[in-house]
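The values are calculated or read from the model by the stated rules, or taken from the named source; none is laboratory data. Since this is a predicted model, take the numbers as computed values, not measurements. FYI the Cβ positions are ideal-geometry reconstructions off the backbone, even for glycines, and counts take in every protein chain you see.
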């Protein structure tokens, strides 16, 4: 929580860059038609102006607040006690988030190649294992869940919804 | 503990990359001769599993209902279910692109209509009918110019006369880039009036256009029997003219546009398409199934109840028909510029 | 009266009742699984209805419809992921309550409010369908645009600590909505050469990405850091559902219940608006009328009741234009109209005169569907609760897999799965930075409506003053101003209070 102000400024800058890029892009859009006086570009521009203005406000207020409290006083924190523990758990959470995103990325990447069944089972087992307290006696349950869920979903979608999940190399 | 976590991660990502690198090569190594034989066998055995028919519109619309209905009858003759899947969006090109890029094995089909041409000419996509194997035409739905009963005009001719004297006063709704946009331009051209006499306002789809017309926010739109008949019966809307060669059996009192001196006849023509390169033998089997479905009196009656004409054309005729259709749309597209 | 009896005789047969219940069961299931939509469920039932009589077919679909609206809250409350977009606001208070160890209470409140709110909608439908539908037709693009402007002002009060960030989130949502084909002129915008973006971002993957991934990471972190035990379950607390206590609680807030049901019903009757808008409006009104608005979002019953009564009221409301005018209120009622056309029945203003038995049958079936839904929920809720009691290390990967499948199944496109992951990342980062996510969704949904109605209005008549001179439009713009003023006043008051407390 200490660095809230700094991160606000980062968010504002990222948004401003996005706004600038998109606004530049609106000039590539077709001109307004005969009756359509606003045309395809006007609305996105209005939205971009609003978003840009709000980002500027956020940037200014966060910088101003940062200057007002140059030294990181614990005032910013909701409460003083347990802050070290909190930041440790925050860091652990961020690490967990990175892990989950990486796993998801890998999972989504391999589905078209290996197929839904062959990629979901390792993903489900692996992800469960990483999130769990990692005791071998839990493993059989995880594998059963992974296999059952994958096969049931695959069957139900193909049979009742006409959706064929990628079959990959099993075809 | 962190290390083990990292190891698992690295292992998973390596596996992923490995898999993405290896899989395609393995497939390409298959022997060409064996493949040919397998292809022949696939044609003979077709269909071995359910067939997917993509409807590029939301459920509930005319296209959706007609294809779902016809598929129910056609699948009896194929021995495998035809599963209809809606993939709406982007002037119907989300669905059409899916089929265009699907395996040409006859298990993914497209049920669509003239919009394939209009999406091309309005610049949404860079492909039209030639990107598919047309299988057969099944129905034609004539379009009808429609207005609110409180307005003074009784025919399209009267409406256009007034539009000519007061350009830009009459508000006509249309879905830009879709079929009805081309239809109204075609009518204006056939009537010999400038395309700017009507104030064209964009709405997404026929439903919202009818709602706007019922609320008298607009002056008219293109509709069809199924979508507007209820409102005409109730006295809220009236038909101005049928864009077809002859009067329609459900509304014998409504004159055609031709009778009004506007030489324009055009319908929304719905047909079945397969991805380019689908084996001819498979196309033949599908065509047969749909032909039998369209000959079924029960199916026919249900379609006619919806104000749509059964208009079956087999593959060869359909290809020629689409050629002609493209020429028509090409001409109309010139007008849009 | 005799039509009513005839209609009742048609509905109260074993077959129709069984069909409604089956439909409601299917609806609850598709509603409860994140990534599955009610529209999907309805489209699936359509082919089955070909062989049925019109009333049987419609009754089945009504079951799916009602069940789906009440199913969306299950994952919303238990997992914090709205199962359907129309239950987003249910998560605001439902999920915190469940996390506090009262998942049963939250679900009981949600189900009972759905049931009663839906009945409010049904009663309004039966009594006033025709005049309301006629009135709704007067809503031209001017009125709808002003209504959307009003709905957008809700962002200001959507429970964010920072007003600027809340508004930014809303504008970001509006921006996302401009990707893809433009709703009026059909021109491509911001596709950056990706043909998958021709239709913009698909709504559902964005929604589940924004909500599901941050929620799942939270849950996984809680599961790991809090307890090192094996049975650290996803949801703590008893799996008992206190139905009677819930009923008492809902009835004690009958004003909130009826108001929310009515809001849902009215919004449902308007062209283009729907369950999402009504859900937000009902929640916002409940908050503004409340004596303790600051408690909203912390897990209080008021919020759950407003949200769920609101979205189930929409079920009855959206049938108003469908039945009275033959105009579908949303994708779901469009399918129902399709089924009618298929049976050779012309929907439209004459339906009530030509097919009175069918129309009354629909009314009765709608009410019966609510009872079936309630019954199924009473029987089945404990099952869902038991699933939520599963250890979070198992539940999190399972939910993530379902989200992937749901995103893919929507359009059979792998691109949408990447969209899901991308917005999961964006959602996670934004929520870490204290940016609320609900305004993004609201902006994403209302953006195209706002733009197309604004442009249509100016295309029909280039005079912008019409927005202020058409009475209904002016009324909505006036309420919007009041709404902003109220939010500003509330924020000032709260700031003063916190200053007084800390200083």
Qualifying residues in the stretch C:35-48 (those that are in a loop (DSSP other than H, G, I, E, B) and farther than 18 Å from residue C:377 by Cβ) - the one modelled with the highest pLDDT:
C:37
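Conditions tested, residue by residue: (1) over 22 Å from residue C:205 (Cβ atoms); (2) touching a residue at least 12 places away in the same chain (Cβ under 8 Å).
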{"residue": "C:408", "(1), (2)": "no, no"}
{"residue": "C:468", "(1), (2)": "yes, no"}
{"residue": "C:480", "(1), (2)": "yes, yes"}
{"residue": "C:483", "(1), (2)": "yes, yes"}
{"residue": "C:492", "(1), (2)": "yes, no"}
Please state which one of C:175, C:137, C:163 is farther than 25 Å from residue A:15 by Cβ and more than 21 Å from the chain's Cα centre (by Cα).
C:137
Run residue B:267 past the list (1) surrounded by fewer than 20 Cβ atoms within 10 Å (Cβ to Cβ); (2) out of contact with any helix residue (DSSP H, G or I) (no Cβ under 9 Å at 6 or more places or on another chain) and report the number of the one that doesn't hold.
(1)
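Every residue in the stretch A:9-62 that is outside any helix (DSSP H, G or I), surrounded by fewer than 17 Cβ atoms within 10 Å (Cβ to Cβ) and in contact with a helix residue (DSSP H, G or I) (Cβ under 7 Å, 6 or more places away or on another chain), please. Give the derivation first.
Our first condition is that a residue be outside any helix (DSSP H, G or I); within the stretch A:9-62, this holds for A:27-38.
Filter once more, so that each one left must be surrounded by fewer than 17 Cβ atoms within 10 Å (Cβ to Cβ): A:27-28, A:30-32, A:34, A:37.
A:30, A:31, A:32, A:37 - these are the residues of the stretch A:9-62 that are outside any helix (DSSP H, G or I), surrounded by fewer than 17 Cβ atoms within 10 Å (Cβ to Cβ) and in contact with a helix residue (DSSP H, G or I) (Cβ under 7 Å, 6 or more places away or on another chain).
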Scan the stretch B:54-74 and give yes if some residue there is buried (at least 24 other Cβ atoms within 10 Å of the Cβ), assigned to a strand (DSSP E or B) and modelled with pLDDT of 90 or more, otherwise no.
yes
Just to check your reading of the model, which residue among C:344, C:348, C:338 is without any contact (Cβ under 8 Å) to a residue 60 or more places away in the chain, surrounded by 24 or more Cβ atoms within 10 Å (Cβ to Cβ) and at the interface with chain B (Cβ under 8 Å from one of its Cβ atoms)?
C:348
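Being over 30 Å from residue B:36 (Cβ atoms) and loosely packed, with under 14 Cβ neighbours inside 10 Å narrows it down to one of B:327, B:313, B:258, so name that one.
Being over 30 Å from residue B:36 (Cβ atoms) and loosely packed, with under 14 Cβ neighbours inside 10 Å holds for just one of B:327, B:313, B:258, which is B:327.
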Among residues of the stretch A:89-141, those that are in contact with a helix residue (DSSP H, G or I) (Cβ under 7 Å, 6 or more places away or on another chain), more than 9 Å from chain C (Cβ to nearest Cβ) and not in a helix (DSSP H, G or I), counted
1
Name the residue, out of C:425, C:477, C:437, that is surrounded by 16 or more Cβ atoms within 10 Å (Cβ to Cβ), over 22 Å from residue A:47 (Cα atoms) and touching a helix residue (DSSP H, G or I) at 6+ places or on another chain (Cβ under 7 Å).
C:425
Counting only strands (runs of 3 or more DSSP E) wholly inside the stretch B:229-337, the ones holding at least 2 residues that are more than 21 Å from the chain's Cα centre (by Cα) and in contact (Cβ under 8 Å) with a residue 12 or more places away in the chain are B:237-242
Going by the conditions given, is residue B:24 at pLDDT below 85 and surrounded by 14 or more Cβ atoms within 10 Å (Cβ to Cβ)?
no
Condition (residue is crowded, with 21+ Cβ neighbours inside 10 Å, away from chain B (no Cβ under 14 Å) and within 21 Å of residue C:283 (Cα to Cα)) applied to the stretch C:212-226: is it met by at least one residue?
no
Can you pull out the residues in the stretch B:189-205 that are outside any strand (DSSP E or B), out of contact with any strand residue (DSSP E or B) (no Cβ under 6 Å at 6 or more places or on another chain) and without any contact (Cβ under 8 Å) to a residue 40 or more places away in the chain?
B:192, B:193, B:194, B:196, B:197, B:204
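Taking the criterion of being more than 23 Å from residue C:18 (Cα to Cα) and in a helix (DSSP H, G or I), would at least one residue in the stretch C:362-385 satisfy it?
Scanning the stretch C:362-385 turns up at least one residue that is more than 23 Å from residue C:18 (Cα to Cα) and in a helix (DSSP H, G or I).
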Picked from the stretch C:120-136 (must be in contact with a helix residue (DSSP H, G or I) (Cβ under 6 Å, 6 or more places away or on another chain) and modelled with pLDDT of 85 or more), the residue nearest to residue C:63 (Cα to Cα) is C:122
Number of the exception - residue C:282 against (1) more than 30 Å from residue B:237 (Cβ to Cβ); (2) surrounded by fewer than 24 Cβ atoms within 10 Å (Cβ to Cβ)
(2)
Which numbered condition trips up residue C:51, out of (1) at pLDDT below 85; (2) crowded, with 24+ Cβ neighbours inside 10 Å; (3) closer than 27 Å to residue C:357 by Cβ?
(2)
Within the stretch C:234-269, tally of residues that are assigned to a loop (DSSP other than H, G, I, E, B) and surrounded by 19 or more Cβ atoms within 10 Å (Cβ to Cβ):
5
